[in-house]
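All remarks here apply to the structure that follows.
The values are calculated or read from the model by the stated rules, or taken from the named source; none is laboratory data. Since we're looking at a predicted model, the values are computed, not measured. Note: ideal-geometry Cβ built from the backbone for every residue, glycine included; neighbour counts use all protein chains shown.
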Amino acid sequence: ELIMTFEDWFTTEFAVRQAYIDSLEDIRTLTSNFPKALINGYDGNKTAPITFVPGKKYRLRVISMSVNNWFKFRIPGHKMTIIEADGVESMPLEVDGLILGPGQRYSAIVTAHDSAQFNYIYNVTSYSQTLFSQGLIPLMYTGLINYRDGAPVKTIPAPSDEHLVWPEETAMQVADKQVPLPVDRRIELTMKKFTHTHHQHQTTLGNTLYKPVLVPTLYTALLMGDLAANSSVYGPQTNAYILKHLEVVEIVINNPELEDHTFHFHGHNVQVIETGPYGNSSTENREPVAHKVSGPWPMWRDTIQVHGFEFIRVRFRADNPGVWFLHCHLAWHEYNGVAVVFVEAPGVLQQRQSVPKEMVEMCKRQGIPTQGNGAGNQGFDLSGLPPAVYPSS
């Protein structure tokens, strides 16, 4: 078993980078501060070789620890068989390589060749659609698959990506053969791009830009009694959706823009049902998005890719009472509010959990209120919250 980690590495801390981005009149003019890539914690071209013993099978646990960049990973001359995604076992799926959005994980079986006559090169490509840096993307890295010290490296022709098989959300099937859940409720979330302060282009997932409120949403859900089942008490900035206990919720995320996203569901894995075209990709000189439906046993995972001009349909059962975040895994998007909150079964939550006194004390030391609605008031009085930011019509 081998672990491969990929991450985008910046030379400045997030707060410094974000201040720079906030200062721009148009984020699309960003031309500096593009990240390098780390592979297993080292500069992408300086990672230690991976040793293969002829004839052995290896489980590669491939993890994207990225906050912005996508990674493609291939070992030319070797097939990969996916057996797990985001901690959920899958039926075997043979691919030529892996594409990982920020936060995604895979396990793949790779069988070493029977001979140690040659060594091989693995390829890693790091790329982004968020940071537009002319001449800097994509970044290409290579490393050695070492069968025998000093063996020559076998040259493998490199076909273009469109001639290779990559994993798709709908192509994978879950190992325990769960059929699609019957739907009780449907929530449709459409990303909306608009111009905000400093002429910046912002994107929402819900009705507004998500912003933290004064009282932690979990505390409001636990301490507001019956009012916790009313989304208004959390403040419009939370984009809160109240879920009933054990209902099956279908989430549809629509992406009418060119840019790809990954979305992370806290508290749940979700069943990937369908993807298809949304919006007008023909205006961007790219191939129309294909419509794809999962097979009889849709894959479950917690982080999904939503490509440009695409929708994705997923389902889960609300069997985990709590307050759960759904957010874009790109750090700038999460920071800027591309997120919603699911307040799941607040009545059941109040019966099962309470706020630990240690948490209350920690909040008090930081000046964070721990009682009331999102503004720290009673009922529906939200005075004191900063104004919610809505997309322009």
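Only residues that are modelled with pLDDT of 95 or more and either at negative phi or crowded, with 19+ Cβ neighbours inside 10 Å (or both) were counted across the stretch 39-65, and they come to 17.
Going by the conditions given, is Gly295 touching a residue at least 60 places away in the same chain (Cβ under 8 Å), over 22 Å from the mean Cα position of the chain (by Cα) and surrounded by 22 or more Cβ atoms within 10 Å (Cβ to Cβ)? Here the answer is no, as Gly295 does not meet what is asked. Check the stretch 359-378 and report whether any residue there is in the same structural domain as Leu218 (by TED's automatic domain parsing) and under 30 Å from Glu89 (Cβ atoms). For the stretch 359-378, residues in the same structural domain as Leu218 (by TED's automatic domain parsing) and under 30 Å from Glu89 (Cβ atoms): absent. Of everything in the stretch 126-148 that is among the β-branched types (Val, Ile, Thr) and either farther than 19 Å from Asn40 by Cβ or crowded, with 20+ Cβ neighbours inside 10 Å (or both), the residue that is modelled with the lowest pLDDT is Thr130. Starting from residues that are hydrophobic (A, V, I, L, M, F, W, C) and touching a Gly at 6+ places or on another chain (Cβ under 8 Å), keep the ones in the stretch 357-391 and report whichever is modelled with the lowest pLDDT. Here the answer is Val389. Out of the residues in the stretch 299-353 that are of a type in the set (Asp, Glu) and buried (at least 21 other Cβ atoms within 10 Å of the Cβ), which is nearest to the chain's Cα centre (by Cα)? Result: Glu310. Looking only at the stretch 19-38, filter to residues that are surrounded by fewer than 14 Cβ atoms within 10 Å (Cβ to Cβ) and either polar (S, T, N, Q) or within 16 Å of Glu1 (Cβ to Cβ) (or both); which one of those is modelled with the highest pLDDT? Filtering the stretch 19-38 for residues that are surrounded by fewer than 14 Cβ atoms within 10 Å (Cβ to Cβ) and either polar (S, T, N, Q) or within 16 Å of Glu1 (Cβ to Cβ) (or both), the one modelled with the highest pLDDT comes out as Ser23.
This table checks each residue for (1) touching a residue at least 24 places away in the same chain (Cβ under 8 Å); (2) more than 20 Å from Phe263 (Cβ to Cβ); (3) among the aliphatic types (A, V, I, L, M); (4) surrounded by 18 or more Cβ atoms within 10 Å (Cβ to Cβ).
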site	(1), (2), (3), (4)
His78	yes, yes, no, yes
Glu89	yes, yes, no, no
Val95	yes, yes, yes, yes
Gly103	yes, no, no, yes
Tyr106	yes, no, no, yes
Thr111	yes, yes, no, no
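Comparison of Gln371, Gln351 shows that the only residue that is among the polar types (S, T, N, Q) and touching a residue at least 60 places away in the same chain (Cβ under 8 Å) is Gln371.
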